[in-house]
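Below: the structure, in structure tokens.
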Amino acid sequence: QVQLVESGGGLVQPGGSLRLSCAASGGTFSRYSMGWFRQAPGKERQFVAAITWRGGFAYSADYSESVKGRFTISRDNAKNTVSLQMNSLKPEDTAVYYCAAETSPAGLGPQNSHEYDYWGQGTQVTVSS
């Protein structure tokens with residue numbers, strides 16, 4: 001019953017920035033942990049970032065080592081959106097980026113793709129000179 005739609009992907013030069021957004025509909029968004037994953041051709045789906053619900057107004061953020069310090073995940077519960085600000089982009093960041101929602105925790109942890117119940121269609125990010 002949850003639908004996720006990513007937007008904001010495109011072509012950017014190395015060192016540039018992009019901001020991805022994910023709009024959610026259905027369910028109670030504020031209670032869901034949300035994640036961003038990416039997948040390049042021929043490679044496994046890779047964890048990028050997650051923002052985890054802790055109850056009330058408390059959330060925690062996690063990042064992969066490859067994007068830490070360059071990417072920032074945030075959420076706007078009033079708009080049912082989660083965003084990924086990507087700075088200092090590198091060619092190796094090129095991938096399809098997916099938004100994911102955890103509505104029923106599986107106990108695998110936010111960095112495991114199998115933790116998430118719903119996925120968006122993805123948005124292409126290409127970093128090239």
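The values are calculated or read from the model by the stated rules, or taken from the named source; none is laboratory data. These numbers were taken from a predicted model, which means no experiment stands behind them. Heads up, the Cβs are rebuilt from the backbone with ideal geometry, glycines too, and the neighbour counts pull from every protein chain shown. Just so you know, the surface numbers come from the protein's heavy atoms only, side chains and all, with ligands and any DNA or RNA stripped out. Shrake-Rupley method; radii C 1.70, N 1.55, O 1.52, S 1.80 Å.
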Picked from the stretch 91-110 (must be open to solvent by less than 60 Å² (accessible area, probe 1.4 Å), hydroxyl-bearing (Ser, Thr, Tyr) and outside any strand (DSSP E or B)), the residue farthest from Gly27 (Cα to Cα) is Thr94
With the first residue restricted to the stretch 111-129 and required to be within 14 Å of Gln3 (Cβ to Cβ) and assigned to a strand (DSSP E or B), and the second required to be among the small types (Gly, Ala, Ser) and at pLDDT 95 or above, Cβ contacts under 6 Å at 6 or more apart or on different chains are Tyr118/Ala101; Trp119/Ala100
Within the stretch 13-36, residues open to solvent by less than 20 Å² (accessible area, probe 1.4 Å) and part of a strand (DSSP E or B) come out as Leu20, Cys22, Ala24, Ser33, Met34, Gly35, Trp36
Expected output for the stretch 54-83 (first residue in contact (Cβ under 8 Å) with a residue 12 or more places away in the chain and farther than 23 Å from Ser113 by Cβ, partner among the polar types (S, T, N, Q) and open to solvent by less than 50 Å² (accessible area, probe 1.4 Å), Cβ below 8 Å, 6+ apart or cross-chain) is Asn77/Ser30
Scanning the stretch 61-73 residue by residue, those under 15 Å from Gly8 (Cα atoms) and either of a type in the set (A, V, I, L, M) or open to solvent by 40 Å² or more (accessible area, probe 1.4 Å) (or both) turn out to be Thr72, Ile73
For Val48, the lone unmet condition from (1) more than 18 Å from Pro105 (Cβ to Cβ); (2) touching a residue at least 60 places away in the same chain (Cβ under 8 Å); (3) aliphatic (A, V, I, L, M); (4) open to solvent by less than 40 Å² (accessible area, probe 1.4 Å) is (2)
Residues in the stretch 76-106 that are of a type in the set (A, V, I, L, M, F, W, C) and touching a Gly at 6+ places or on another chain (Cβ under 7 Å) total 4
If you go through Tyr59, Tyr98, the only one that is on the phi < 0 side of the Ramachandran plot, at pLDDT below 95 and among the aromatic types (Phe, Trp, Tyr) is Tyr59
